[in-house]
Protein chains: 2
Amino acid sequence: MHFTSAQRRDDGVLEREFTLGEIPGTLWTPESATPAPLILMAHNNGLPKREPRLVARARTTAAYGYAVAAIDAAACGDRPRSAADERTRADFRRAMQAGEAVDEVFESFIGPLVEKAAPDWRTTLDALLALPETGGPVGYSGWTAVGIRLAAIEPRIAAAGFFAGGYVPRAQREEARRITIPLLMLLQWDDEGNPRQRALDLFDAFGSREKTLHANMGGHTGTPWFELDDGNRFFDRHLR
Amino acid sequence: MHFTSAQRRDDGVLEREFTLGEIPGTLWTPESATPAPLILMAHNNGLPKREPRLVARARTTAAYGYAVAAIDAAACGDRPRSAADERTRADFRRAMQAGEAVDEVFESFIGPLVEKAAPDWRTTLDALLALPETGGPVGYSGWTAVGIRLAAIEPRIAAAGFFAGGYVPRAQREEARRITIPLLMLLQWDDEGNPRQRALDLFDAFGSREKTLHANMGGHTGTPWFELDDGNRFFDRHLR
């Protein structure tokens, strides 16, 4: 693991870019010198880790007291993609924007992406937990499908916050029943890209005894700011 | 308004019984001497204000910093009921316990109860806001149907937390569309007495631009303790 840049922000958060083999990542750590519980933060459907909404969420969470990491997993974000991958991605965007049925193209685009992303996240987790400034137990926040995959195979993940569970590949809809860690699931009531009933069905399917759904009004990017605070307190209950 | 007893608790909360004409009530106020925003707390379906779960909720909320009031409204709690009222109430309990369809008996039992309760709550609100230790804006917490009725007719109510919206009389299901204040609605996912889909439909129906649903696992009495904290913070956003 190589840190390639470091910047101390006004709120005391240290923001460092790193590479881990082919994986580019960012680590945000709070000012405090004691090891902070680690939260892995993944953006839905392979959007880049440099995307401003993810960065804002990561910075706020680090300022609150967590170590936060985001990566561009294989074929995600700024990582290279095959011509076939690019075509499926374009097909998916086109179908979504046209309001067409996207199940099959979603499955062929996101299904393999989740399979490829999970090992990169585990590699990153190994490296991050070896640092003195991060500790366990580990939380996960964001992209529902990758979170389900990781929670199913990675016992170090102790609690997870999921966002926008309307479209999730078949494999992860099945895996949801096997998830037993505490969950906080966010649902935007009128999320144009995430059918409400499917998200409710997914919430119902999780095997966790402690799972909470927070639904708010508005579209995909309209999650109210106070949900960030609620998320931090959710992690406080399970990672502290 | 006559205070008939006063008790200072270990957490500093002053707990006072009062009567206001025929209305018996309890007022919990925090230790601080400055006027605290008032929260009206009503128990579902006319259960008594002395019920331990309501009392615990009121005390915690007062210790947090709010003035909290509960009353036994007309025909609720320990107030006298007509023989006809007692029969409908018994019919309702029997139908619920037997798992029978309760819509009609619910309507004939709860519909009139809500109509009779609302004026008593408004009378109480007038009296409470005249006290130096309480202030506005006012919050409401608890019984969904009475809360809808009050929010529809009482402009002093600025935010409301509703619980268990599975069965709500027709009149209040209609009124829900006219409610525009910020709402926090709690749903127990497997509440035996409150069909989930009806609660979701009610949440959808509210006219409020800011409304949040918190759903948790378990039955009617299983709401996790952290929802009390979340409720306090919801009121902080709108009453402070």
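A count restricted to the range A:4-26 and to residues that are aliphatic (A, V, I, L, M) and either in contact with a Phe, Trp or Tyr (Cβ under 6 Å, 6 or more places away or on another chain) or in a loop (DSSP other than H, G, I, E, B) (or both) stands at 1. Can you confirm whether B:Tyr140 is farther than 20 Å from B:Phe109 by Cα, away from every other protein chain (no Cβ under 11 Å) and either crowded, with 21+ Cβ neighbours inside 10 Å or of a type in the set (D, E, K, R) (or both)? Spelling it out, B:Tyr140 is indeed farther than 20 Å from B:Phe109 by Cα, away from every other protein chain (no Cβ under 11 Å) and either crowded, with 21+ Cβ neighbours inside 10 Å or of a type in the set (D, E, K, R) (or both). Among residues of the range A:1-17 that are exposed (fewer than 11 other Cβ atoms within 10 Å of the Cβ), those with a Cβ under 7 angstrom from a residue that is among the aromatic types (Phe, Trp, Tyr) and part of a strand (DSSP E or B), sequence gap 6+ or separate chain, pair up as A:His2/A:Phe18; A:Thr4/A:Phe18.
For (1) in contact with a helix residue (DSSP H, G or I) (Cβ under 6 Å, 6 or more places away or on another chain); (2) part of a strand (DSSP E or B); (3) surrounded by 19 or more Cβ atoms within 10 Å (Cβ to Cβ); (4) free of Cβ contacts under 8 Å to residues at least 12 places away in the same chain, each residue gets a yes or a no:
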site	(1), (2), (3), (4)
B:Val168	yes, no, yes, no
B:Ala171	no, no, no, no
B:Glu175	yes, no, yes, no
B:Asp190	no, no, no, no
B:Leu200	no, no, yes, no
B:Arg209	no, no, no, no
B:Leu213	yes, yes, yes, no
B:Gly219	no, no, no, no
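Among the residues making up the range B:158-213, those that are basic (Lys, Arg) and within 21 Å of B:Met41 (Cα to Cα) are B:Arg173, B:Lys211.
So in the range B:200-231, with the set limited to residues that are more than 9 Å from chain A (Cβ to nearest Cβ), modelled with pLDDT of 95 or more and in contact with a Gly (Cβ under 8 Å, 6 or more places away or on another chain), which one is nearest to A:Leu187 (Cα to Cα)? Across the range B:200-231, the extreme among qualifying residues is B:Leu202.
Screening B:Ala151, B:Ala130 for residues that are at pLDDT 95 or above and surrounded by 17 or more Cβ atoms within 10 Å (Cβ to Cβ) leaves exactly one candidate, B:Ala151.
Only one of the numbered conditions (1) surrounded by 17 or more Cβ atoms within 10 Å (Cβ to Cβ); (2) touching a residue at least 60 places away in the same chain (Cβ under 8 Å) is not met by B:Leu186, and that is (2). Taking B:Ala33, is it over 20 Å from the mean Cα position of the chain (by Cα), of a type in the set (A, V, I, L, M, F, W, C) and under 21 Å from B:Leu239 (Cβ atoms)? Spelling it out, B:Ala33 is indeed over 20 Å from the mean Cα position of the chain (by Cα), of a type in the set (A, V, I, L, M, F, W, C) and under 21 Å from B:Leu239 (Cβ atoms).
The values are calculated or read from the model by the stated rules, or taken from the named source; none is laboratory data. Please read these numbers as outputs of a predicted model, since none were measured by experiment. All Cβ positions, glycine included, derive from the backbone under ideal geometry; neighbour counts span all protein chains shown.
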